[in-house]
Amino acid sequence: SGGKGLGPAGALRLADLLRVAPPPLLVRLDLSNNGLDPASTTVVSTAFAAITSLTSLDISNNGLDSASAKAVITAFITVTSLTSMDIRGNQLDFAGWAAVADALGRVTSLTSLNGCGQYAAIRAGGLREVKLDKE
């Protein structure tokens, strides 16, 4: 679970562990509330390519800027098992969200984004109305 304050040294250690962990073992990665900075995000993102069995990624509430969030998401565009992603609570501007949307357009397995379980239907144009809850 997130919230431990990963920091640059922790990001390096995590990246090393992700590179050697057998793929079927890791299906859920929660890096929420870890205060990831751009340097930490870059280091961890490079190791994400090896995680082929991931189904859930939570990088919420890290204060990530647009470039950092895009780096993380772009690393997962080839992961065909990813079904849930949470990137709420970061510092993305309009251009950042546009870049994220572009990257996510290639993640065809995604069914839930930021807690919205109707993501697949929204993307396919199958919903006419969506009620969003306040947090």
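Annotations
- For Ser68, the requirement of being of a type outside the set (Lys, Arg), assigned to a helix (DSSP H, G or I) and at pLDDT 80 or above is met.
- Selected residue (criterion: farthest from Ser32 (Cα to Cα)) from residues of segment 79-91 that are assigned to a loop (DSSP other than H, G, I, E, B), within 13 Å of the chain's Cα centre (by Cα) and not small (Gly, Ala, Ser): Val79
- Screening segment 93-110 for residues that are within 14 Å of the chain's Cα centre (by Cα), among the hydrophobic types (A, V, I, L, M, F, W, C) and in a helix (DSSP H, G or I) and picking the one that is surrounded by the fewest Cβ atoms within 10 Å (Cβ to Cβ) gives Ala101.
- Of the residues making up segment 65-77, those that are closer than 15 Å to Leu104 by Cβ and either surrounded by 19 or more Cβ atoms within 10 Å (Cβ to Cβ) or within 11 Å of the chain's Cα centre (by Cα) (or both) are Ala69, Lys70, Ala71, Val72, Ile73, Thr74, Ala75, Phe76, Ile77.
- Any hit, segment 43-64, residues being touching a Leu at 6+ places or on another chain (Cβ under 6 Å), open to solvent by less than 40 Å² (accessible area, probe 1.4 Å) and of a type in the set (Ser, Thr, Tyr): no
- Test set (1) at positive phi; (2) touching a Lys or Arg at 6+ places or on another chain (Cβ under 8 Å) - Leu54 fails condition number: (1)
- Top-ranked residue of segment 32-42 - restricted to ones that are open to solvent by less than 40 Å² (accessible area, probe 1.4 Å) and within 11 Å of Gly7 (Cα to Cα), ranked as nearest to the chain's Cα centre (by Cα): Thr41
The values are calculated or read from the model by the stated rules, or taken from the named source; none is laboratory data. These figures come from a predicted structure and were not determined experimentally. So basically every Cβ, Gly included, is an ideal-geometry build from the backbone, and we count neighbours across all protein chains shown. The accessibility values were calculated without ligands, DNA or RNA, using every heavy atom of the protein model including side chains. Shrake-Rupley method; radii C 1.70, N 1.55, O 1.52, S 1.80 Å.
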